[in-house]
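What follows draws every value from the coordinates through simple rules; no lab data is involved. It should be emphasised that the depicted structure is a prediction, and the values quoted were computed from it without experimental measurement. Positions of Cβ are generated from backbone atoms using ideal geometry, with glycine treated the same way; all protein chains shown enter the neighbour counts.
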Amino acid sequence: MTEMVERMNANRAQVASYVTASALGTGDTQPADCTGIAVGPNRDQCEWSNSLKGAGEQSAAATSTGGMQSARGCIAQIQAQNPALGSCLPGIYRVSVAWQGMHKTAAPAAGLACGQGSYGDEKYRRVIAATVTVGTTSCF
């Protein structure tokens, strides 16, 4: 999750392009090799997807083994940036990572939708989240 937060902070001019319509990671269609994708939000999403799938650690058979079980990542816009005079609102985004726990616990908070419905009983779903806030450069 921190990796994506850092990438978004480094590319604040295009931060809205990081918002995902569906979860990245387990079950997505991102390619295993992201080098054919231009540097920017789409490439960052591809590389994050592969990290979530465990590509950071490979078995002898080249199987990804370094990730959490069924990890998924989501980026949602909480508030659109608005530099208009009288508004001057920063852009606010939530970066979430969901995965399947081994045992039931309490279901995640209602506002954390990443991975919802993907793990059977919601009490198996685990979610962590971070907020990225992008201020306005000027308010007209």
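What's the Cα-based Rg to Rh of the chain, Rh via Kirkwood? Let's see the in-between values first.
Numbers: Rg = 16.5 Å, Rh = 16.1 Å.
The Rg/Rh ratio comes out at 1.03.
Restricting attention to the alpha-carbon atoms of region 74-126, what are Rg (one decimal) and Dmax (integer), both in Å?
Over region 74-126's Cα set, Rg and Dmax evaluate to 15.5, 50 Å.
How many angstrom separate the Cα center of region 99-113 from the Cα center of region 1-34?
22
Lone cysteines in the chain, defined as no other cysteine's Cβ under 4.7 Å from theirs: which are they?
none
Pick out, from Leu112, Gln45, Val5, the residue whose Cα sits farthest towards the positive end of the charge dipole of the chain, with +1 on the Cβ of Lys and Arg and -1 on the Cβ of Asp and Glu.
The listed residue farthest towards the positive side: Leu112.
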